[in-house]
Each structure stands twice: as structure tokens, then as C-alpha cells.
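Student: Pasting a structure here, questions to come.
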Amino acid sequence: MEFLRSLYKNDVDFKALALQSKELAKYVNSNGQLDFNDPDAVRQLTTSLLEQDFGLKVELPTDRLCPPVPNRLNYIIWLHDLVDSSAGTIHGGYDPKSEVVGLDIGTGCCSIYPLLGCKARPGWKFVATDIDENNVSTAQKNVKLNHLESRIRVIKTDTKDLLFPLEKIEKESLDFTMCNPPFYTSHEEMVQSAEGKQQKPSSVCTGTDVEMVTSGGEIAFVTKMIEESLHLRTRIQWYTSMLGKFSSVPVLVEKLIKHGNHNYAVTEFVQGSKTKRWAIAWSWGDHRPAMTAARGIPGFPKQLLPFPADYTFTLPSEISIDSAVASINAELGSLRWYWSWDKSLSAGVGFAAENVWSRQARRKMKLAGQEGSYVNLDAVPEDVALGVRIQAKLVRGQSETSSTNEVPVLISWIQGTDSVLFESFCGMLKRKIDASKPQNSEK
């Protein structure tokens, strides 16, 4: 499904899409453009994109928010990255055998997130909630239109219900939640926001107050999510929400930090030249996401970004990748932890209950006759202090004068809460690799 990442990298070619969709063709002008101030044109664009690119059939009412497909797809792709990279597996990517269940809060009239999520991943299932009766009715209809009733369940909730109503939806735990909360604190703010923009909005807004307005705006809404998550903790692995205002992101990150959370992620959604959106995610577990997913907002205040949980160093030119891999395996295979190396991936994963690489720990294990790693990763205990993924990969480059070959070693922090422990491990492994270079190479 990698093609999804580039599907809407550039603006949609309306002229080309019109050749496939007769319904859209009547809204495309002679210059190949679409009038985004025409609500009928906007609805038809969403309908045509879903049908042509995903084989999804939807019916969109005229009086409800029309979801833009590229932006919604971005959110789904980011969830892929969060869930995949925090699974703690040796390949660090998508496992087609995994079953994932997510909750879409405020699914809207289309239930677009569950529909896209199910099309992109055959092992994914959704529960979708909404407080608006009409949205629930049309969302259920769209699920049935696509024969996805066995994978998507749409449930009516009430404003008094919890945002994460696990008991009501009959779920003990979830892999993730997602939400596109109302942006504005009042109808007046929504009108003033549109009028105050220097340029006209790029697209007409067909959303109603129930979809666009909430007391306290999106900050208050997501704050409520954070407060509920304090009680549910690890029953949900990833709590996530889209945000309509960049200014909301640092405010919410600071709230998480005040609550003692240091396992969070921020990103921005940009495809083509349309409006940007942002998103935040947090977990009360210790499985950490890839940095590409966690630190996805360029220019975001450094002190508010998640800890940089990737450490990379390049092998000395005197050391071949084969000898480096042998050194890594020998060194890490001698430690008393869970260690496994996959030669085909040139990658390994290790899990330790404590610091087992310090000199003191090595002496202690040697005296106790406990040298050597465990290899059965299925037996890894829950109380892991550090989990890492290590990969050494040859990168071929071309400079102006010659071809160059570099072998970067990437150490990714995939589990744990102690950043000092991770840094200690990275420093140890780099020193061991540096020390393994041939002595006769130094003159």
C-alpha cells in the first residue's frame, strides 16, 4: 500500500479525473479547474475520488460536512506509521497478519476514516461513533453500500457519554482512537474566522454547528480526551486527534507533559497546495513510534518535540558491513537479554529488563554463569526497561568525483521510558564497533 503515500502528493488532476467520472466532468471548467465554492462540486469531487481511487461508493447529504479525501487519507497513513512502528517487531513495518481495531470519534455523515482504513488494511476494523442522528444514519448506509458491516460498526452516542465509551461499544481495549474535533468555540467565531482570512477559503464549508462548534473549541475537546485517557491508560495504545489550528498543538503537548506523558507524537498533514492540518497522538504504554511519525512538524519548538529516539552512526571505512554485523551479533549475543538477528533484513531487536551492558552488569553475569542471550522473543516479559531495533544497511552514493559506499547503523528506541538508558546503550554499541576496526589500519 505504499502507493497511498504518493496518491495525492500533488494536486488532483481534475481534467484526468473528469475523464473517468462523468458526474464530475460537468463541474470542471475549460481550464481544468474546479469551483471549490460550489458545494455540489465539492461533494462530487469527494464521491468521485473515493470511487475511482478506492472503489468506495458513498452518498453525501447536502447539509453535512463534506470530507476532503486527501486530508483524510493522510490521517490514515499516519496511523499506519504509529501502529506499525510501535509494534516492537524485528521488521519495524506493516504486519499483514496483525488484527487492529480503532475507534473513530465523530465519524460524520460519510464514515470516511473507517471506509478508507478498511480499504487500506484488510486486517483493520473500526467502531465509529457520532452524536448526530442523521450522521449515524447516513454513515451506516455508506457502510452497507460497501458491504463492510462485518468490519465497521457505527454507534449513536450522547454528549453526556464518554468520548472513549469502551463499555458501550463492548471493547476491553483498542489499538487506536482517531478524531476530527470541532474547531471553533462558537458559531460567531467560525464566521469571524472565515471573514478574517486574507484570502477566500479554498473550499466552501458545508459543516453544521454540531460538526464545527464545541464549547472551548478543539483545545477543550482534546483536553477532555487527555483527561479520560488518564483513567483508561493502556487499554488504548494510541490516542490521536486531528487539529485545525497549529496554535493548539503546543498547548496540548504541554498539557501531556504536565501529566507526565513523554510518549507522544505530533505531525502535519500536507498534500498538494490545500489547507494544512495538524495532529497529536499520545500513549501511556512504553512502545515508542518511529521518529518520522513522532516528530513530523518542521519548525516546531524543539523543547516540545518528543525525545529523538533514533541514533545513527556511520561505520569506520576500515570496517566492512559483514565484520560489523559479526561484531554486533557477538557483542549483543553475549548479553543477558532477549536478542534476535535477521540476516535477510540486516536487522535485530533486543529487549532488556535492566542495564545488562555496563561493566558491573557483565561482571555480575559472568560470576553467576549467566552469559549469553535468550532467543525466544515470544517469552519477553512485560517489564522491559529497554527495547531497541538495530539495522546496518549499505547505502550507495555518488559524489562529484567518485562513487561512495557508507554503512550507517541505526539504533531505534522501540520500548521503554528511560531515555538515559537508551543513550547509554547507543554509546556502548558505538564504542564497541569503533574498537573493532583493524589495528593495522592506523599508522
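Student: Compute a Gaussian network model of the chain, connecting alpha carbons closer than 10 Å, and tell me which residue from 285, 108, 55 fluctuates the most.
Tutor: Highest fluctuation among the options: 55.
Student: Then there's this: Relative to the first principal axis of the alpha-carbon coordinates of the chain, what is the inclination of helix 217-232, with its axis defined by its Cα atoms, in degrees from 0 to 90 and to the nearest 10?
Tutor: Once rounded, one gets 50 degrees.
Student: Hey, another quick one. Would you mind working out the magnitude of the charge dipole of the chain relative to its Cα centre, with +1 at each Lys and Arg C-beta and -1 at each Asp and Glu C-beta, to the nearest 20 Debye?
Tutor: In total the dipole reaches around 1020 debye.
Student: Pairs 9/125; 22/119; 224/430; 255/276; 125/245; 160/255: which exceed 32 Å Cα-Cα?
Tutor: From 9/125; 22/119; 224/430; 255/276; 125/245; 160/255, over 32 Å: 224/430.
Student: Also, quick follow-up: Name the residue, out of 413, 238, 339, whose mean-square fluctuation peaks in a Gaussian network model built on the chain with Cα pairs under 10 Å.
Tutor: Maximum fluctuation in the GNM of the chain, among the listed residues, is at 339.
Student: Shifting gears a bit: Residue separation times 0.36 nm, minus the C-alpha to C-alpha distance between residue 353 and residue 329: what's the value?
Tutor: 6.7 nm
Student: What is the distance in Å between the Cα centroid of region 4-46 and that of region 111-141?
Tutor: The distance from the Cα centre of region 4-46 to that of region 111-141 comes to 24 Å.
Student: Gain in length, residue 156 to residue 172, computed as 0.36 nm per residue apart minus the alpha-carbon separation, to one decimal in nm?
Tutor: That pair, residue 156 and residue 172, stretches by 3.9 nm at full extension.
Student: Mind pulling the angle between the C-alpha long axis of helix 133-145 and the longest principal axis of the chain? Nearest 10 degrees, somewhere in 0 to 90.
Tutor: 70 degrees
Student: What is the set of long-range amide H partners of residue 36 at a cut-off below 5 Å, with H atoms built 1.01 Å from backbone N?
Tutor: HN-HN under 5 Å from residue 36: empty list.
Student: Going Cα to Cα from residue 26, which lysines come in below 24 Å? Please leave out same-chain ones fewer than 8 positions away.
Tutor: Answer for residue 26, where 24 Å is the Cα cut-off: 15, 57, 200, 274, listed by chain and number.
Student: Only bridges whose two residues both fall in region 3-304 count here: according to DSSP, what percent of them are antiparallel, nearest 5?
Tutor: Once the DSSP bridges in region 3-304 are tallied, antiparallel ones form about 35 percent.
Student: Return one number: the angle in degrees, 0 to 90 and rounded to the nearest 10, between the long axis of the Cα atoms of helix 419-435 and the longest principal axis of the Cα atoms of the chain.
Tutor: Tilt of helix 419-435: around 50 degrees.
Student: Which distance in nm do the two modelled labels at residue 147 and residue 379 give, with both placed 7 Å along the Cα-to-Cβ direction?
Tutor: In this crude label model, residue 147 to residue 379 measures out at 4.6 nm.
Student: Under the rule that an exposed site lies in a DSSP loop and has at most 14 other Cβ atoms within 10 Å, name the longest stretch of the chain with no GluC sites (Glu not before Pro) of that kind, not counting the sites themselves.
Tutor: Answer from the scan: 173-317.
Student: Picking from 136, 380, 349, which is most flexible by a Gaussian network model of the chain using Cα springs under 10 Å?
Tutor: Answer for the Gaussian network model of the chain: 380.
Student: Full-extension gain between residue 227 and residue 33, please, as 0.36 nm times their residue separation minus the C-alpha to C-alpha distance.
Tutor: Result for the pair: 65.4 nm of gain on full extension.
Student: Radius of gyration and Dmax for region 310-441's Cα atoms, expressed in Å?
Tutor: 15.7, 55
Student: Could you work out the percent of alpha carbon pairs in region 85-133 separated by over 12 Å, rounded to a whole number?
Tutor: Every Cα pair in region 85-133 considered, those over 12 Å come to 65 percent.
Since every read-out is calculated from the coordinates, none of them should be taken as a lab result. This is a predicted model, so every value here is computed, not measured. In this analysis, Cβ positions are derived from the backbone assuming ideal geometry, glycine residues included, and neighbour counts consider all displayed protein chains.
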